[in-house]
Amino acid sequence: MEYVNMILQVGQKVASECQQPTVLQLVNKSRCDIIDATMSSMDKFDWLMAGPLFDREHISSNSSQERNASLNKMATHCPFEMTLIFSDGTVDKFRMHQKFPFDGCSGFQHFIGPHTITFSSSENKVIITVEDK
């Protein structure tokens, strides 16, 4: 039993050394509520978690939400896509790299949508801001 516990402790130590904690904050400065904020296209090697950080989340106008995550330190950029559906029926979709605060490569692409989407970082946090044009 002691041997099994030792193996488990070594495994937990190795797993924790491979993790890079990060935060994703989504700020809604538009006039409309975001009625569905959903992340997709997340690689299981990059993201050490069960599912997307935002999954059909509601974010009121002039408010924000943030989520904590663990990234694989060995991963390169940790890309994701996000689709935002607004209460007025408009839709924005974009791509971003969650490792932006660590490697400086945003990978940002705004595929569709009428809103202005900007991004910044602070320490280990990616901050995405959505505003009306």
Counting sequence-distant residues (5 or more places) and residues on other chains, those with an amide H built under 5 Å from that of LEU48 are SER70, LEU71, ASN72
For every other residue with a beta carbon closer than 9 angstrom to the beta carbon of GLN25, add +1 if it is Lys or Arg and -1 if Asp or Glu, then tell me the sum.
-> +1
Indicate the gyration tensor shape class of the chain (rounded, prolate or oblate), computed on the Cα atoms with a ≥ b ≥ c the square roots of the eigenvalues: a/c under 1.5 is rounded; otherwise a/b larger than b/c is prolate and the rest oblate.
-> prolate
So the angle from the long Cα axis of helix 2-17 to the longest Cα principal axis of the chain, reported in degrees to the nearest 10, equals 40 degrees
For each pair in LYS73/LYS93; LYS73/LYS133; LYS44/LYS133, compute the distance between the two Cα atoms and list the pairs where it is over 30 Å.
-> LYS73/LYS133; LYS44/LYS133
Inter-probe distance in nm under a simple model that places probes 7 Å from Cα toward Cβ, at SER63 and THR116 = 2.4 nm
Under the helix-only model (-39500 (n - 2.57) for each DSSP H run of 4 or more, divided by the residues of the chain), the mean residue ellipticity at 222 nm, to 500 deg cm²/dmol, is -4500 deg cm²/dmol
One finds, for SER41 and THR90 with R0 = 22 angstrom and r their Cβ-Cβ distance, a FRET efficiency to the nearest 0.05 of 0.55
Express in nm, to one decimal, how much length is gained between SER70 and ARG56 on full extension, taking 0.36 nm for each residue of separation and deducting their alpha carbon distance.
-> 3.0 nm
Output ³J(HN,Hα) for the stretch 79-91: one whole-Hz value per residue in order, computed from phi by the Karplus curve 6.51 cos²θ - 1.76 cosθ + 1.60 with θ = phi - 60°, and x for Gly and Pro.
-> x, 8, 10, 9, 10, 10, 10, 9, 5, 8, x, 6, 9
Using a cut-off of 9 Å between beta-carbons, work out the net charge of the residues near LEU71 (Lys and Arg +1, Asp and Glu -1, LEU71 not included).
-> +1
For the stretch 14-123, which trypsin sites (Lys or Arg not before Pro) are in a loop by DSSP, counting at most 13 other Cβ atoms within 10 Å?
-> ARG31, LYS44, ARG56, LYS73
Scalar couplings 3J(HN,Hα) for the stretch 110-115 by Karplus 6.51 cos²θ - 1.76 cosθ + 1.60 (θ = phi - 60°), nearest whole Hz, x for Gly and Pro, are 9, 6, 8, x, x, 8
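Values quoted throughout were computed directly from the atomic coordinates according to the rules given, and no laboratory measurement underlies them. Just so we're clear, the structure is a prediction, and the values are computed from it rather than from any experiment. Every residue, glycine among them, receives a Cβ derived from its backbone with ideal geometry; neighbour counts consider all protein chains shown.
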